[in-house]
1. Go through 81-87, 104-110 and give me the packing order, highest mean Cβ count within 10 Å leading.
2. Report the full-extension gain for the segment residue 93 to residue 53: residue separation times 0.36 nm, less the Cα-Cα distance, to one decimal in nm.
3. Fully extended, how many nm does the chain gain between residue 107 and residue 80 (0.36 nm per residue separation, minus their Cα-Cα distance)?
4. Given a Förster distance of 35 angstrom, what is the FRET efficiency for residue 9 paired with residue 73, based on the Cβ-Cβ distance and rounded to 0.05?
5. Percent relative contact order of the chain, based on C-alpha pairs within less than 8 angstrom and at least six residues apart?
6. For a quick check, take a GNM of the chain with Cα springs below 10 Å and name the residue from 36, 68, 15 with the largest mean-square fluctuation.
7. Within the stretch 78-99, find all residues whose amide N lies under 16 Å from a label point positioned 7 Å from the Cα of residue 60 along Cα-to-beta-carbon.
8. Among (1) 51; (2) 26; (3) 33, only one was calculated for this model; which label is it, if the read-out is percent of Cα pairs over 23 Å apart?
Amino acid sequence: MEVLTPMSTALSLTHTFVRIVGLAVTVLGVTVLATHDLTLLPVYATSAVALMLGLWTFGVLATRAGVHAGAVAVTVVLGMVAPLVSLTGEWTLYVLAGVGGLAQCEDLALRIRRQRLAHAP
């Protein structure tokens, strides 16, 4: 059984936050594109910013947990690329960057779990 430390709690909460907000951003994005309901845009934009901040936070926590800096850098860069690409109106690249950021977060979580199992007594 894993002992809960402040670091493992922060990692778990941030990972869950990124998953939930990532789902919300995806559902809101599809809804806005399908219905052209522009009243949802402020909620969507706020959720997208929260997702970006969650990705960055998880990246910082993963670095502190000992994950290779290169893997963390990819996550942080994807967290920056998605909002920048959204300003161009290129939705395909925006979606790819957002999904890529979510995938990188899952990869970081897997790397953390593997490191903990490797160092477990």
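1. 104-110, 81-87
2. Additional length available on full extension: 12.5 nm.
3. 7.9 nm
4. The formula returns an efficiency of 0.90 here.
5. Averaging sequence separation for qualifying contacts and normalising by length gives 25 percent for the chain.
6. Of the options given, 36 has the highest mean-square fluctuation.
7. 79-80
8. Label (3) holds the value from this structure.
Laboratory data are not the source of any read-out in this text; all were calculated from the coordinates shown. Just so you know, these numbers come straight off a predicted model, no measurement behind them. Here the Cβ is made from the backbone with ideal geometry for all residues, glycine too, and neighbour counts use every protein chain on show.
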